[in-house]
Amino acid sequence: MAAHAQEKYQVRFGWGTGGAARIASGAHLVVWVDVLPASAAHDEPGRRRTMRAVAAQVPDGPEVVLGHLGNVTAVAERVTRLQAERGDRCVVAIVAAGRRHAPGDDAAEAAGEAADVPDAPDFAVEDLLAAGAVVDALTEVGIDHTSPEAAAACAAYTGLRRAVKHLVSASEAGVALGSDAVHDALAADGRLVTLRESSSRA
């Protein structure tokens, strides 16, 4: 099935909870990438509550961690540990959150119409670049059986590596949030935050 075309790859990439539903089948780790969350940007406990609510929408089974530009090394280390624990490869689904708009902000909603694909987020350059950075970090530790989608995200990051901070600051979300919030997001430390433990013994 086309919906599961990435299943043969160890490293996969998708957008939003709909993308997670497509690529998380058989995965052992889901990396939810949200560089500039629109809500609770200045409130870390609030942000984590929001992220855990998102994690609850990811298909059951795999562990879910938060990924961003500052913790890609920790993500790669987690994947290598999982592989060692399993004695087999760890399948990773990298999901870019994308931009979500408040009700009424969408043209269809403003016209009183239901969105055709309510789960589809808008493109967010900051999440694409961070997802690509995760793929690049995995490649650095020898995990490089990537889907074309993941490879393209990685190429975006490696090709624009020197301009990442500027691009994030100048992005739609960056301008909307303001320089202080962007600075805080880019200064996030390298710790790995687990949003949901694995419910699978696979």
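Here are a few things to note about the model shown:
- Identity of the residue in the stretch 19-38, open to solvent by less than 20 Å² (accessible area, probe 1.4 Å) and more than 15 Å from LEU128 (Cα to Cα), that ends up modelled with the lowest pLDDT: ALA24
- If you go through the stretch 6-30 and keep only what is farther than 13 Å from GLY61 by Cα and part of a strand (DSSP E or B), you end up with VAL11, ARG12, PHE13, GLY14, TRP15.
- Residue in the stretch 151-169 that is modelled with pLDDT under 90 and either surrounded by 15 or more Cβ atoms within 10 Å (Cβ to Cβ) or over 25 Å from VAL58 (Cβ atoms) (or both) present: no
The values are calculated or read from the model by the stated rules, or taken from the named source; none is laboratory data. Only a predicted model underlies this, so the values are computations on that prediction, with no experimental measurement involved. Cβ atoms come from the backbone with ideal geometry, glycine included; neighbour counts cover every protein chain shown. In case anyone asks, the SASA skips ligands and DNA or RNA and just uses the protein heavy atoms, side chains included. Shrake-Rupley method; radii C 1.70, N 1.55, O 1.52, S 1.80 Å.
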